[in-house]
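Each remark here refers to the structure printed beneath this line.
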Amino acid sequence: MTNRTHRLALPVLLAGGLALGACSSSGGTNDASASTTAPTTATSSAATSPTTAPAATASSAPGGGATAAPESADPEPTTAGGPDRCRTSELTGSLTMGDAAAGNRYATLTLTNTGGEVCTVHGYGGLGLVGAGGTSVPSEQVRVPADDGSTGKRSTLQPGQSVSATLHWGAVATGPEPTSGDCEPTPTALTVIPPNETDSLSVAWRYGPVCGFGHIEQTPYG
């Protein structure tokens, strides 16, 4: 199909060139040029546009620090004069273990507004596992939709109020991971970057190794 397209292109361009020459004296050159380049642009866009959007991921930076990937579009942007987003310095994090079944582990990651001002949270932020003494531990944050299929909505937190996200990871070795002993080094802390922030806070991790090379799925805060 591709070769046939190239064989037909030459006569079309020659015909276009003749038409362009005929129109040059009447000032129609720019219009003719635009009409010949538009199909090329459309073809390129169609070839490169994916049919589905993969889940966003953010791997941990060297040394175990979390790297926050860009946030999803905020459906409810802050209005002028409204509460600003919650800064890392205004938040405290905590982890609570959830149910465990068939090699799957769950925990609730909570951010609490411990500052003195009303602020808002929207999105996912960043995550990264850290080992003893600050050593790097393999980790990969995978952002998944909320139960309603959305990427979350803006939450307004009064001082003392909290917002939570669900974490899910595996406890069974995958691929080349060792099947005896720990599948990965055991983390001692989870580095958390709140949504739209660059500074991080640390939360104690007491839940053993994260198999699948540190693969952790996270829902948006809400």
All conditions in (1) part of a loop (DSSP other than H, G, I, E, B); (2) farther than 18 Å from Gly115 by Cα are true of Ile216 except (1)
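Say we look at segment 175-213 and pick out the residues that are of a type in the set (S, T, N, Q) and either outside any loop (DSSP other than H, G, I, E, B) or within 23 Å of the chain's Cα centre (by Cα) (or both); which of these is nearest to Ser89 (Cα to Cα)? Please lay out each step first, then the result.
In the first step, residues of segment 175-213 are kept if they are of a type in the set (S, T, N, Q); the result is 179-180, 186, 188, 191, 196, 198, 200, 202.
Filter again for either outside any loop (DSSP other than H, G, I, E, B) or within 23 Å of the chain's Cα centre (by Cα) (or both), leaving 191, 196, 198, 200, 202.
Values: Thr191: 14, Asn196: 13, Thr198: 11, Ser200: 9, Ser202: 12 Å.
That would be Ser200.
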So Ser200, is it farther than 25 Å from Asp147 by Cα, at pLDDT 95 or above and polar (S, T, N, Q)
yes
Taking segment 86-114 only, how many residues are open to solvent by less than 60 Å² (accessible area, probe 1.4 Å) and farther than 24 Å from Gly208 by Cα?
6
Subset of segment 141-171, residues more than 18 Å from Gly115 (Cβ to Cβ), β-branched (Val, Ile, Thr) and modelled with pLDDT of 95 or more, comes to Val142, Val144, Thr166
Hey, can you tell me all the residues within segment 145-201 that are in contact (Cβ under 8 Å) with a residue 60 or more places away in the chain, surrounded by 15 or more Cβ atoms within 10 Å (Cβ to Cβ) and hydroxyl-bearing (Ser, Thr, Tyr)?
Thr151, Ser155, Thr156, Thr166, Thr191, Ser200
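I need the full set of residues from segment 118-137 which are part of a loop (DSSP other than H, G, I, E, B) and crowded, with 21+ Cβ neighbours inside 10 Å, in order please.
Our first condition is that a residue be part of a loop (DSSP other than H, G, I, E, B); within segment 118-137, this holds for 118, 122-125, 131, 135, 137.
His122, Gly123, Tyr124, Gly125, Val137, listed by residue number.
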One residue from Thr108, Thr120, Thr114, Thr135 being at pLDDT 65 or above and within 20 Å of Leu167 (Cβ to Cβ)
Thr108
Over segment 202-222, the set of residues open to solvent by 20 Å² or more (accessible area, probe 1.4 Å) and polar (S, T, N, Q) is Ser202, Thr219
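The values are calculated or read from the model by the stated rules, or taken from the named source; none is laboratory data. Bear in mind that the values here come from a model prediction, so they are computed numbers and not experimental data. Neighbour counts run over all protein chains shown; Cβ positions are idealised from the backbone, glycine included. Side chains included, ligands, DNA and RNA excluded: accessible areas come from the protein's heavy atoms. Shrake-Rupley method; radii C 1.70, N 1.55, O 1.52, S 1.80 Å.
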